[in-house]
Amino acid sequence: MKPAHKKILTIALPILISIGLVWYSLSKVPLEQIILEARQADFRWILLSVFCLTLSHLSRAYRWLFMLEPLGYKVKFKNSAMAVFATYLINYGIPRSGEVARATILTNYEDVPFEKGFGTIVAERIADMLVMLGIIGVTLILQFEFIVEFFSERLSFNSVIILGVLVLILGLLFIVLRKNSSNIIKKIKNFIKGLIEGALSIFKMKKKWPFIFHTLFIWGMYLLMFYTTTFAFKSLENIPIAAVLIGFISASFSVAATNGGTGAYPAAVFAAFSIFGIAKDPSFAFGWLLWGSQTLMTILLGGLSLIYLPIYNRKKTDI
């Protein structure tokens, strides 16, 4: 595939997926019904949810300083915060492109070399991934019986055989790749090795405990953001904690896979909540309202950050 075609596909595919998911969501529940459910919501909980998300972004900006300091760069917190808010706004255009923009902002305004800034972002994403895996692990442990019962009721004998064959194929593939010494395999091995080294480097930094605290705080605020929104809907007052955890995990993956979760977020919430027999109307309304409030905050603070960055740093740019 030509580079130009690949670039167009990279931009167009996530947008098309998002449009398709928006259509799917609105085909399940009419827009009028979603608006009706949203009007009945208690927006004080929505504001608290947005506040939790804002705190998580500020904590992420502060945590970033811990990684840049050992490299010899004393970055202003305001620049770090505005770079983080801008990241989430830019990700609505092309997924994960915000991370590149975030490193670029630090290069332009704080003279941090791009590769070093981007390297710290990759390392902190590894830390985030480890916490996410921890949340998934805790959910599996707490809801083990429910999950086993759920899948045992839905998986046929043939499905189990197919799953077993897939696991066997993956196992054989792993063994082959492990013994293979081609350049491509070496690159894959080195990449994985680099990720592991990046994750372990977190424990070698001087301020590792503040870094770990902020990492846990960020994800605690994410969870609290999701949980507090349930109190905005009377129909979700008695929602089980398992539904909250699985809904949160499902929604988080939808954000990572699409343009800021556009269309995918409410669909992911509905898919998770439906497991627990929660009605589709409040499920979709919850997803749309939570996603909408996040998006509004991101547009506002991200947009203001992009406008204010050159103004705040005008003395430096004038030199």
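The values are calculated or read from the model by the stated rules, or taken from the named source; none is laboratory data. Given the structure is predicted, the values throughout are model-derived calculations rather than measurements. Positions of Cβ are generated from backbone atoms using ideal geometry, with glycine treated the same way; all protein chains shown enter the neighbour counts.
Scan the range 67-89 residue by residue and report those that are under 14 Å from the mean Cα position of the chain (by Cα) and of a type in the set (A, V, I, L, M).
Correct list: 84, 89.
Could you look through the range 273-319, keep only residues that are under 25 Å from the mean Cα position of the chain (by Cα) and of a type in the set (Ser, Thr, Tyr), and pick out the one that is surrounded by the most Cβ atoms within 10 Å (Cβ to Cβ)? Before the answer, list the steps.
Quick first cut of the range 273-319, residues under 25 Å from the mean Cα position of the chain (by Cα) only: 273-276, 278, 280-307, 309.
Next cut, of a type in the set (Ser, Thr, Tyr) only: 274, 283, 293, 295, 298, 305.
Details: 274: 13, 283: 27, 293: 19, 295: 18, 298: 22, 305: 22.
Per the criteria, the residue is 283.
If I ask for residues that are modelled with pLDDT under 90 and buried (at least 17 other Cβ atoms within 10 Å of the Cβ), which ones from the range 67-86 would you list?
If the condition is that a residue be modelled with pLDDT under 90 and buried (at least 17 other Cβ atoms within 10 Å of the Cβ), then 67, 68, 73 are the ones that fit.
If only one of 276, 286, 213 is assigned to a helix (DSSP H, G or I), within 24 Å of residue 36 (Cα to Cα) and modelled with pLDDT of 85 or more, which one is it?
Numbers: 276 fails: assigned to a helix (DSSP H, G or I); 213 fails: within 24 Å of residue 36 (Cα to Cα).
Being assigned to a helix (DSSP H, G or I), within 24 Å of residue 36 (Cα to Cα) and modelled with pLDDT of 85 or more holds for just one of 276, 286, 213, which is 286.
Only residues that are in a loop (DSSP other than H, G, I, E, B) and over 30 Å from residue 286 (Cα atoms): list them for the range 27-86, please.
Narrowing the range 27-86 to residues in a loop (DSSP other than H, G, I, E, B): 29-30, 40-42, 72-76.
Scanning the range 27-86 gives 72, 73, 74, 75, 76.
Are any residues in the range 49-81 out of contact with any His (no Cβ under 6 Å at 6 or more places or on another chain), basic (Lys, Arg) and within 18 Å of residue 213 (Cα to Cα), and if so, which ones?
Matches in the range 49-81: 60 only.
Being in a helix (DSSP H, G or I) and free of Cβ contacts under 8 Å to residues at least 40 places away in the same chain is the filter; apply it to the range 252-267 and report the residue that is farthest from the chain's Cα centre (by Cα).
Checking each candidate, the answer is 265.
Could you check, for the range 244-251, whether at least one of its residues is more than 17 Å from residue 41 (Cβ to Cβ), touching a Lys or Arg at 6+ places or on another chain (Cβ under 8 Å) and in a helix (DSSP H, G or I)?
Among the residues of the range 244-251, not one is more than 17 Å from residue 41 (Cβ to Cβ), touching a Lys or Arg at 6+ places or on another chain (Cβ under 8 Å) and in a helix (DSSP H, G or I), which makes the answer no.
Condition first: farther than 19 Å from residue 222 by Cβ, touching a helix residue (DSSP H, G or I) at 6+ places or on another chain (Cβ under 6 Å) and assigned to a helix (DSSP H, G or I). Can you find one or more residues in the range 234-242 that meet it?
Yes, some residue in the range 234-242 is farther than 19 Å from residue 222 by Cβ, touching a helix residue (DSSP H, G or I) at 6+ places or on another chain (Cβ under 6 Å) and assigned to a helix (DSSP H, G or I).
How many residues are among the aromatic types (Phe, Trp, Tyr) and buried (at least 21 other Cβ atoms within 10 Å of the Cβ) when one looks only at the range 252-268? I'd like the intermediate steps shown before the answer.
Of the residues in the range 252-268, the ones among the aromatic types (Phe, Trp, Tyr) are 253, 265.
In the following step, the residues that additionally are buried (at least 21 other Cβ atoms within 10 Å of the Cβ) were identified as 265.
The number of residues fulfilling the criteria is 1.
Report every pair of residues separated by at least 6 positions or lying on different chains whose Cβ atoms are under 7 Å apart, first residue within the range 65-81 and in contact (Cβ under 8 Å) with a residue 60 or more places away in the chain and closer than 17 Å to residue 122 by Cβ, second of a type in the set (A, V, I, L, M) and in a helix (DSSP H, G or I).
Partner pairs satisfying both residue conditions: 67/123.
Out of (1) crowded, with 21+ Cβ neighbours inside 10 Å; (2) β-branched (Val, Ile, Thr); (3) farther than 22 Å from residue 76 by Cβ, what's the single condition that is false for residue 249?
(1)
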